[in-house]
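Everything below concerns the one structure shown next.
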Amino acid sequence: MKILYAGTPSVAVPPLVHLAERPDVEIVAVLTRTDAPVGRRKVLTPSPVAVEAERRGLPVLKANRVDGPLTERIRDLGAEIAAVVAYGALVPQPALDALPHGWINLHFSLLPRWRGAAPVQRALMAGETLVGATTFLLEAGLDTGPVVGSMTDEVRPDDTAGTVLERLSRTAAPLLGDSLRAVVDGAARPVPQEGEVTHAPKLSAQDGRVRWTDPAVAVAHRVRGVTPEPGAWTELAGRRFKLDRVVPRPDQRDLAPGQCVLRGSAVLVGTGSYAVQLTEVQPSGKRPMDAAAWARGRGAEDEVVFA
């Protein structure tokens, strides 16, 4: 089958690799967003999907919106169907109608839960322990189309949004390939989405700010949901202080919210319930370091209270 592949970030690379290596698939072109400024020097850099596509010698279309001229180019590719994984832009109805079998989206949630740009991040922030992926027929609404297939996965104790997305991008790739095959062959039986609808808007930097008055478990959920992007942080002496994974410590209940102490080898911070233990930190202007090493390095400085 001839397909158009649409995707942009690194999470969209494993499904592209899987499809490119399937003997029943011919990728006629790859659609991705235009080169974006990266790093402090804002160097224009192609997307991870563009890099992989070009490495494989696949034709690449770069666009941040699917307009009329691009729709005509898509129509002329000869693709039977399109696969979409985190492309990053809505596909309007004329483009959806341009391919005989439409567009199949691989979304990293169990739809209709967590429709939107940050499904895994929002699921972890909400404390959910079951995640997954869904393939569905793309339509004009945001992640509202009928479901072709799905798979589930359990959140592991050390998981962050980054590790869950990386794992799902690999394990759900065959689901996408099989869904495309079933739709093209007429064997698929898409069903309407059923259940509670929740939404997963894109995260901002403020979503990463830890609220120490929240209960310890909520703090831990927030940190794992925003790791690695946009990253968890708090303030120390008016400057941003970044945090990696934190561990709830129900045996430590005597610290005020935001109060930070070193006890033995454990760096503890009070919350709205009991303390959490820090694992790795990054003070402003410095590299990431072990939390205990940071605390010992402060010596006899004033008491630490995070804001």
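The figures follow:
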read-out	value
Extended-chain gain in nm, criterion 0.36 nm per residue less alpha-carbon gap, R189 and R298	33.0 nm
Proxy reagent accessibility, fewest Cβ within 10 Å first, across M1, M289	M289, M1
Two-decimal log10 I(q)/I(0) for segment 1-152, as the Debye equation yields it once each C-alpha is a single scatterer, q = 0.12, 0.19 Å⁻¹	-0.51, -1.22
Pairwise label distance in nanometres, D251 with E72, each label 7 Å out on the Cα-Cβ vector	7.1
Ratio Rg/Rh [Cα only; Rh per Kirkwood] for the chain	1.05
When each of K2/K62; K62/K242; K62/K286; K2/K42 is checked by Cα-Cα distance, pairs over 30 Å	K62/K242; K62/K286; K2/K42
Calculated FRET efficiency for the pair R211/T129, C-beta based, R₀ 30 Å, to 0.05	0.85
Neighbour-count ranking [beta-carbon atoms within 10 angstrom, fewest first] of T71, T152	T152, T71
Fewest-first sequence of S150, S47 by Cβ atoms within 10 Å of each Cβ	S150, S47
The chain - percent relative contact order, Cα under 8 Å, separation 6 or more	13
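Every number in this text was worked out from the coordinates using simple rules, so none of it is lab data. Since this is a predicted model, take the numbers as computed values, not measurements. As a convention, Cβ positions derive from the backbone with ideal geometry for all residues, glycine included, and neighbour counts pool all protein chains shown.
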